[in-house]
Amino acid sequence: ETGVTQSPTHLIKTRGQQVTLRCSSQSGHNTVSWYQQALGQGPQFIFQYYREEENGRGNFPPRFSGLQFPNYSSELNVNALELDDSALYLCASSVEPGDLYGYTFGSGTRLTVV
Amino acid sequence: QKEVEQNSGPLSVPEGAIASLNCTYSDRGSQSFFWYRQYSGKSPELIMSIYSNGDKEDGRFTAQLNKASQYVSLLIRDSQPSDSATYLCAVINSSASKIIFGSGTRLSIRP
């Protein structure tokens, strides 16, 4: 149990649909980072939120968006789903963006787009 | 050039031997370095962090950092079957804004 929870665990969606993934961080962790991990690849940085504002973004299109709330929860929204969006989506929390102690990951959401 | 590079493996090591995993990074200003272990279908788990040049030991694990060569390694002594996993090298970039991961090395410990 890492203190970072993600929901749902698994999800199947149809191409073109929209999806919302949720993450609940540890209390006091002001930073949440979202990663996409395709099969056989390392986690790819999607974006990061710090104190409810976007603090950096990776090479992902605008149809990937997010929110962070004052209660340490956050969302990743993906519109117009494509088959290549099928991946494990990981939420990671930390106190600061470049936390020297590293990030704590949730258990992930496995998204399958058919 | 990838920001963090690892050999994808698989690396096969006999039980009880030393497993050596390597990683290079491109951002010379990178500040902190991590090794995560990821079992199939699970999320990454932090096993080692290192910030200064040299070696850092924790149980059977030793992380080594050489900033001049932009090289990080992980040694696993007395390898056990439970060490079979993918090992992800990760780096905090020079602007200290995010952690960047390599693609991982798959390690297999054979009995």
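Would you mind giving the mean number of other chain beta-carbons within 10 Å of the Cβ of each residue in B:37-49, as a whole number? Mean shielding by partner chains, rounded to a whole number: 4.
Using the Cβ-Cβ distance between A:Gln18 and A:Tyr101 with R0 set to 30 Å, the FRET efficiency works out to roughly 0.30. Distances between placed amide hydrogens fall under 5 Å for B:Glu15 paired with B:Arg110, all partners being 5 or more residues away or on another chain. Suppose a student asked you for the relative contact order of segment A:61-104, using Cα pairs under 8 Å spaced at least 6 residues apart; what percent would you report? With pairs under 8 Å counted, the relative contact order is 25 percent.
Distance from the C-alpha centroid of segment A:1-20 to that of segment A:37-108: 12 Å, rounded to the whole angstrom. Note that segment B:4-13 has calculated 3J(HN,Hα) couplings of 9, 10, 9, 6, 6, x, x, 9, 10, 10 Hz, one per residue in order, obtained from phi through the Karplus relation 6.51 cos²θ - 1.76 cosθ + 1.60 (θ = phi - 60°); glycine and proline are x.
With a 10 Å cut-off around each Cβ of B:100-107, the average count of Cβ atoms from other chains is 4.
Would you work out the relative contact order for chain B, in percent, from Cα pairs under 8 angstrom that are 6 or more residues apart?
Once divided by the residue count of chain B, the mean separation gives 38 percent.
When only Cα pairs below 8 angstrom with a gap of at least 6 residues are kept, chain A shows a relative contact order of 38 percent. Here chain B is assigned +1 on the Cβ of each Lys and Arg and -1 on the Cβ of each Asp and Glu. Its dipole about the Cα centre then comes out at about 180 debye. From the Cα gyration tensor of chain A, with a ≥ b ≥ c the square roots of its eigenvalues, which class applies: rounded if a/c is under 1.5, or else prolate if a/b is larger than b/c, or else oblate? Because a/c hits 1.5 or more and a/b exceeds b/c, chain A counts as prolate.
Each residue of segment B:22-29 is assigned a 3J(HN,Hα), and the resulting list reads 10, 7, 10, 9, 9, 7, 5, x Hz, derived from the Karplus form 6.51 cos²θ - 1.76 cosθ + 1.60 (θ = phi - 60°), x at Gly and Pro.
Bear in mind these aren't lab numbers, they're just calculated from the coordinates by the rules spelled out. The shown structure was predicted, so the numbers you read here are calculated from the model rather than taken from an experiment. Note that each Cβ is placed from the backbone with ideal geometry, even for glycine, and that neighbours are counted across all protein chains shown.
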